[in-house]
Amino acid sequence: LTQYLKLSNLKQFIYVSSISACEQCDEVFISEDNGYPISEYGFSKLRTEDIIKEELKGHCPFTIFRPTALFGESHLGSIFDLTNRINKGQFVIFGNGNNFTNFYYIKEFIDLLLISIENKATYDQTFIASSKPLTLLELALTIKENLGLKPRLFKVPLFVGKYIAHLFDLISIFYRKDFPFSISFINV
């Protein structure tokens, strides 16, 4: 890689990593310095970041972004699923809903990428790319409000949710099939 860098005249290397590279920490809020990965995906993202830092050092400036969960109009994932479940009355909060979540609008992320191009203030830096964190309760209530629904949410004690999640995990072992509700889902 080093020999190609010498020939390439590369001005900056921008890498889109993931919040998974630092998705867990012992503090309330995760930063670029206090988080660590807990999944194979997260470990692979962090390892790639380390390789970039090692290989590019002294050859080319790098900028690493760790976006939180991205969403947009054409993305039929996390926010879309959450909105559908809330709209159908199928959404339940396990616990008090005060756990933080962070979704980031794809167009805002693209703007961030564009302003980082050849921006020396971003050189050799790693950034968490996110919007303001919201509690799950705040997010769900905002979605309900925008859907024109009443601001009532069904809450289940966390210990009940964990018990049900463990049952689903056991059933998934028996049927050799993953279910969308599991202990890893409840621990997010």
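Computed values, structure above
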item	result
Unique residue being aliphatic (A, V, I, L, M) and in contact with a strand residue (DSSP E or B) (Cβ under 8 Å, 6 or more places away or on another chain) when the list is ILE86, ILE38	ILE38
Subset of the stretch 66-107 (residues that are in contact with a Lys or Arg (Cβ under 9 Å, 6 or more places away or on another chain) and of a type in the set (Phe, Trp, Tyr))	PHE91, PHE94
Criterion: modelled with pLDDT of 90 or more, polar (S, T, N, Q) and within 13 Å of the chain's Cα centre (by Cα) - qualifying residue of THR63, THR101, THR68	THR68
Pick from the stretch 12-62, criterion of a type in the set (Val, Ile, Thr) and in a loop (DSSP other than H, G, I, E, B), ranking: nearest to ASN102 (Cα to Cα)	ILE30
Cβ-Cβ under 8 Å pairs, at least 6 apart or on other chains, the stretch 53-72 side of a type in the set (Val, Ile, Thr), far side open to solvent by less than 10 Å² (accessible area, probe 1.4 Å)	THR63/SER116; ILE64/SER17; ILE64/GLU49; THR68/ALA129
Search result, residues across the stretch 40-66 that are open to solvent by less than 40 Å² (accessible area, probe 1.4 Å) and either more than 20 Å from GLU118 (Cβ to Cβ) or in contact with a His (Cβ under 8 Å, 6 or more places away or on another chain) (or both)	GLY42, LYS45, GLU49, ARG66
Hits in the stretch 20-31 - residues which are among the hydrophobic types (A, V, I, L, M, F, W, C) and open to solvent by 40 Å² or more (accessible area, probe 1.4 Å)	VAL28, PHE29, ILE30
Tally, over the stretch 17-49, of residues that are of a type in the set (Ser, Thr, Tyr) and out of contact with any Ser or Thr (no Cβ under 8 Å at 6 or more places or on another chain)	4
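The values are calculated or read from the model by the stated rules, or taken from the named source; none is laboratory data. These numbers come from a predicted model, not from an experiment. Here the Cβ is made from the backbone with ideal geometry for all residues, glycine too, and neighbour counts use every protein chain on show. The accessibility values were calculated without ligands, DNA or RNA, using every heavy atom of the protein model including side chains. Shrake-Rupley method; radii C 1.70, N 1.55, O 1.52, S 1.80 Å.
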